[in-house]
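Reading through the structure tokens given below for one structure.
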Amino acid sequence: MLVDAIRHRLGWWMDNPLLRKELRQRMRSGRTVLALSLYLFIIGAVAFVFMYVNVQGQTLLLQPTRTADLFTFLSYLQLAMISFVTPGIASGVISGERERQTLTVLLTTPLSPASIIFTKFVTSISFLLLLIVMTLPLYSIVFLFGGVVPSQVLAVFGLQIVTLGAIASVSIFWSTWLRRTGWSTVFSYATVGAFFLGLAVAGYLSDNIANHSPDQGVWGMVSGICYSLNPIYMQASLEASLGFASPVFHQSIVSSVFSVVQSHDLSSTESWLSFLYLYLGGSALLLVSCIWRLRPGTFTVLRKRLARWILR
């Protein structure tokens, strides 16, 4: 019975005409093929140039520590791509329908608001998920020379997928609640900037205050929370805790990131629970609020309930 119910539910989602239309329109475009090819070419070129420069042209000298450097560089390059591209794709999925005056048509179809939001979420992340999966062969280069284990690659990819889903949820949230795509795009990038740069700056300032404050424990806890909610530092905690050859970092910024991971023990269970609760739970809450916002007469019902509660 359970298997039949799951099959029925999956079949119902796949029979969603909006989902089929969005996926076909996005994946059959010539620009999609060009973008995928260009991205793989750039990432592959960067990987080979990075390897060549690190060994000064003598490929036999490539050591496990060098491949660990390469893996770290590629993983952060891909994380930057996710954080930069996702808002541009997802921030106009609902506001764009409203500007084209097709949102009302969607709401009059048999599709529920939950189906519409789910479809927009899946189609927003499908292209980027395809990019992440297609880079797996490039990551396999580092296995030839050691220094990185498959479990680490899978863990980093899992973190990037969670981050991708959270950024897409934030972008869809602003796209649903704001009427203009321009404003939703601005707020989406501002939110992403707050999580990547704002939390890093807040953690750095909290560390400095803790060094000169009698409440060192409190400020240290605040900085630890800021760092544990930042994907940059949590990805570094994965790369530092899954048992591969320690990379030799020549950049002070990269070294400082890994030193923060060690000083605040970001590999702990508490840090990961904080990260997952915020990104997974927050994504679910944002999507639920989008579904609630799309229901016709939402504010009318809310206003009546509020007035009834006040008049009691």
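Figures for the structure shown
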| item | result |
| --- | --- |
| Residues located in the stretch 100-151, provided they are of a type in the set (Ser, Thr, Tyr) and modelled with pLDDT of 80 or more | Thr102, Thr104, Thr108, Thr109, Ser112, Ser115, Thr119, Thr123, Ser124, Ser126, Thr135 |
| Filtered residue count, the stretch 24-54, keeping only those that are modelled with pLDDT of 75 or more, closer than 13 Å to Phe127 by Cβ and surrounded by 14 or more Cβ atoms within 10 Å (Cβ to Cβ) | 4 |
| Any hit, the stretch 55-65, residues being under 22 Å from Met234 (Cα atoms), in a helix (DSSP H, G or I) and at pLDDT below 80 | yes |
| Any hit, the stretch 180-188, residues being under 18 Å from Lys120 (Cβ atoms), touching a Gly at 6+ places or on another chain (Cβ under 6 Å) and in contact (Cβ under 8 Å) with a residue 60 or more places away in the chain | yes |
| Among residues of the stretch 198-244, those that are farther than 20 Å from Val254 by Cβ, among the hydroxyl-bearing types (Ser, Thr, Tyr) and surrounded by 17 or more Cβ atoms within 10 Å (Cβ to Cβ), counted | 1 |
| So Phe127, is it buried (at least 16 other Cβ atoms within 10 Å of the Cβ), closer than 21 Å to Ser289 by Cβ and not hydroxyl-bearing (Ser, Thr, Tyr) | no |
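The values are calculated or read from the model by the stated rules, or taken from the named source; none is laboratory data. Not measured: the values here are computed from a predicted model. Note: ideal-geometry Cβ built from the backbone for every residue, glycine included; neighbour counts use all protein chains shown.
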